[in-house]
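Undergrad: This is the structure I want to talk about, given as structure tokens.
Just so it is clear, none of the values below were taken in a lab; they were calculated from the coordinates. Nothing here was measured: the structure is a model prediction, and the numbers come from that model. Using ideal geometry, Cβ is built from the backbone for each residue, glycine included, and neighbour counts are taken over all protein chains shown.
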Amino acid sequence: MKLRDLAKKVLPASAKYRLKKLKSRLHWGLGTMPEIDAEADMEFLNSLEIAKDQRKDRKDDGMPDYPNTRPHLAIDFLSGLIRWLAESDFHVMSYADLAYPVKLGTEASEFTRWIAGAQKRNERAVLLQYDVDARPDITTEVLKTHIEYGVTANVMIFRRKIFDWKLKSEGRVVFDEYNLDYKTLEKFQDIGGVIGYHCNSFDLSGGDETKALDIFADDVAQLRKHFDIPIMSMHGGHVTPEGKCNATQPVEKLLKELGLVWVHNGHSVYFHSKWADGSASNPRYRNESSNLLDFLLSTNPGERTRLLLHPQYYNDTSNSKFDFPILHDMEWVKSAKIEVDKGAFDGKKYWSNRYSQSVKSIDSFEKLYHTDKEECPVFINGMSRSGTTLMVSMFDAHPDGAMAYESYPRYLYVPSDDGVLTVEEFIYAYQVLINHDEHEAFRLLNRAPLRNLMKFAAVTSWTGMTTKETGELLRAYLVKHHRVNDALEALKIVAASARFKLRNQNAQFWGTKCQGNYDDYFTLWPKAKLIGIFRNGLDILASQQTKGAFNPDAFKLGKQWKEHHDRFQRYLAANPERTVVPVIYDHLVADPETVMHDLCDQIGMQFHPQMIKQHEKESTLTKQPRGQLSVDRIQQPIDTASIGQWKQILSDEDVTAFLEGCGDTSLFERYKMEWKR
């Protein structure tokens, strides 16, 4: 029996097109095979697992790990985006619009040259890339919109498709239908669209790297009979236990021979930010950015972003039941789905409205970032448990005051757990805050490297901000400026959260606790008021031992106490032109009215009696205490109950170790603080 005769009996009718391939290349790039006996033919075909039940395999292609046939959003969600982009001020680019054709190792220089040109043109660019992993018919419909509006893009196509899920779960290579519309693709190429090879040759080879390279070369040769194919990207596909996959193939030499540019997945052209809708039904997608609008919003002149889309996810043309189990609660998904369910979804209008609404919100929050050299904010500095919260609450009780409490600017530029805070991470963080309730948002952000951003969102609630408003605030900064790189940029966001409260309360001055470098605060606000509060170090040690999770080392804390005092005094002496005022905590609680009158005189502010009755005011902190350690204390009248508490709490060993850390008792003697029982 000849191979073609045997294959006709085994293959379903819908796979007849493969017979021609079997006659010549036999899928593996092995060349023409001689006639052999039926038993050998059957062994070969069985090795490919092209079996008689392939129709059932295709019917089951609603696989849970890669749901190619399940619609997630309307096709007009994608087509509407194209129509809107066609009339927007974004430059929609393709890989043909790079500064020059990229070779491996030249991506950085191309990126630099492209930026220089884009800045001159005042151009912000978006590159659309479609990975056609399934349902080429949906891609065809999307490309018709591109052709109608003359909008370029990049389409990555297979030559042949297999069931990914069967390879992943069963280790079997089983071919699936993949019928390309060559006429539409050719028209798309004619308007400047770029068609590339989506490489799945490692999967096709069953994990044989040598065969995979032959398949790679043959796939490109066959596709080039129809299209130019100047670029390639690797399909995600299956990853072996050894970590091998499509992207790990040693194809560099082959790329040079074939004149191909590797643009994505394994090697990539550079972008300022990148977004993808891949694995949209996978729970791990919760840890990826989801709303592509924010990537467009954050693309400034001289920048480019890449949107990687899988058209098969937008296939409501054949199935109106949406299945988006992971992102169904995202606000942007809800809004789209509601309109689709009404039967009134207009993709172009949807994108136009959402963009306008977002820009309006961004402009509103961005106003909070405008620093004014004439502002006179009040900054409170001191060690933990030294009375800083009390002092902040006293200024917050002033009828004209709007104080943020804890600020922690480092949360905004220091990633948790040694991670990296990329643009994508910042966008993901504020999207989570905007789209989810507080509980879910904090759950999603409670991981490296985003945990510090979660903490920042927690402390901004003490200014009266909701998590959604904190997300809007962070979005406004990233869109109008850029991601946070240093303390000064972080301070601008801290200040904006305080100004949010200032605006809401129609107050006259704002302030917050001061951490870090004093000069940073005066650099931004030369007329700022810096108040340093100094407390008996033994009482600080006692408070830290009984409050929170400080776990202080008595010797180290004694050393820090001395160093903190000396640093503040040196700064005070070196900057006589700045308003820098020390306050002794023990004196403050003993005679709050006298101390606060004197303090207000020194900083040029009018004292108000309410300042020493802070416990009578329901502040933004007391409305949302969220475990703040001093919130109960500041809701009580000021008294001296905490002075000398160390005598009942500290051991003799603790006292001795603390004093050794200080070096001597001179500070105690200078400020008439007790250090003996």
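Undergrad: Taking only Cα atoms of region 424-544, what ratio of Rg to Rh do you get with Rh as the Kirkwood inverse-distance radius?
TA: 1.01
Undergrad: To continue, here is another question. Which values, in whole Å and largest first, are the semi-axes of the equivalent ellipsoid of region 154-272 obtained as the square root of 5 times each eigenvalue of the Cα gyration tensor?
TA: 23, 17, 13
Undergrad: Restrict the search to region 346-453; then list the trypsin sites (Lys or Arg not before Pro) that DSSP places in a loop and that have at most 10 other Cβ atoms within 10 Å of their Cβ.
TA: Sites meeting the loop and neighbour criteria: 373.
Undergrad: Round to the nearest 0.05 the FRET efficiency obtained for residue 169 and residue 209 when R0 = 25 Å and r is the Cβ-Cβ distance.
TA: Efficiency computed from Cβ-Cβ geometry: 0.70.
Undergrad: Quickly estimate the mean residue ellipticity at 222 nm for the chain, helices only: each DSSP H run with n ≥ 4 gives -39500 (n - 2.57), and the total goes over all residues, rounded to 500.
TA: Calculated mean residue ellipticity at 222 nm is -13500 deg cm²/dmol.
Undergrad: Counting other beta carbons within 10 Å of each residue's own, what order do 345, 500 fall into, fewest first?
TA: The most exposed by this proxy come first: 345, 500.
Undergrad: Restricting to DSSP loop positions (anything but H, G, I, E, B) with no more than 14 other Cβ atoms inside 10 Å of their own Cβ, which trypsin sites (Lys or Arg not before Pro) remain in region 573-650?
TA: Within region 573-650, the qualifying trypsin sites (Lys or Arg not before Pro) (loop, at most 14 other Cβ atoms within 10 Å) are 626.
Undergrad: Shifting gears a bit: Assuming 0.36 nm per residue, please report the length gained on full extension of the stretch residue 373 to residue 488 beyond their Cα-Cα distance.
TA: 40.0 nm
Undergrad: Still on this structure, I have one more. Kindly flag which residue pairs out of 274/367; 166/187; 617/672; 183/253; 373/513; 556/613 have an alpha-carbon separation exceeding 30 Å in this structure.
TA: 166/187; 617/672; 183/253; 556/613
Undergrad: List every residue whose amide H lies under 5 Å from the amide H of residue 583, counting only residues 5 or more places away in sequence or on a different chain, with H placed 1.01 Å from N in the peptide plane.
TA: 532, 533, 534
Undergrad: Where a ≥ b ≥ c are the square roots of the eigenvalues of the C-alpha gyration tensor, would you call region 194-238 rounded, which needs a/c under 1.5, or, failing that, prolate if a/b is larger than b/c, or oblate?
TA: Oblate, because a/c is 1.5 or more while a/b does not exceed b/c.
Undergrad: Write down Rg/Rh for region 605-677, rounded to two decimals, with Rg from the C-alpha atoms and Rh from the Kirkwood relation over Cα pairs.
TA: 1.11
Undergrad: Write down the radius of gyration of the chain and its Dmax, each obtained from C-alpha positions, in Å.
TA: In Å, with Rg to one decimal and Dmax whole: 32.4, 108.
Undergrad: Then there's this: Sort largest first and round to whole Å: the equivalent ellipsoid semi-axes of region 491-618, each the square root of five times a Cα gyration tensor eigenvalue.
TA: Semi-axes from the Cα gyration tensor: 26, 20, 18 Å.
Undergrad: Among the aspartates and glutamates, select those whose C-alpha is under 13 Å from the C-alpha of residue 501, and discard any that sit fewer than 8 residues away in the same chain.
TA: The qualifying aspartates and glutamates are 396, 400, 469.
Undergrad: Rounded to two decimal places and with Rh computed the Kirkwood way over Cα pairs, what is Rg over Rh for region 104-161?
TA: For region 104-161, the value is 1.11.
Undergrad: Treat the count of other C-beta atoms within 10 Å as a stand-in for reagent exposure and order 83, 567 from fewest to most.
TA: With the sparsest Cβ surroundings first, the list reads 567, 83.
Undergrad: How big is the C-alpha Rg of region 75-132 next to the rule-of-thumb value 2.2 N^0.38 Å, as a ratio?
TA: So the Cα radius of gyration is 1.32 times the expected 2.2 N^0.38 Å.
Undergrad: Per q in 0.09, 0.12 Å⁻¹, report the Debye log10 I(q)/I(0) for region 536-677, using one uniform scatterer on each alpha carbon and no solvent.
TA: Once normalised to I(0) and log-transformed, intensities are -0.34, -0.62.
Undergrad: Taking the number of other C-beta atoms within 10 Å as the exposure measure, put 182, 430, 270 in order starting with the fewest.
TA: The fewest-first ordering by Cβ neighbours comes to 182, 270, 430.
Undergrad: Right, another one. Please find the FRET efficiency linking residue 603 to residue 676, where r is the Cβ-Cβ separation and R0 is fixed at 41 Å, and quote it to the nearest 0.05.
TA: E between residue 603 and residue 676, to the nearest 0.05, is 0.70.
Undergrad: Let me check against my output: what whole-number percent is the relative contact order of the chain, with C-alpha pairs under 8 Å and at least 6 apart?
TA: Relative contact order for the chain comes out at 13 percent.
Undergrad: Oh, and also: Can you give the relative contact order of region 65-221 as a percent, counting alpha carbon pairs under 8 Å and 6+ residues apart?
TA: Taking the mean separation of contacting Cα pairs over the length of region 65-221, I get 23 percent.
Undergrad: Related question: Expected output is a single nm value to one decimal: the length gained when fully extending between residue 361 and residue 639, i.e. 0.36 nm times separation in residues minus the C-alpha distance. What is it?
TA: Between residue 361 and residue 639, full extension yields an extra 95.6 nm.
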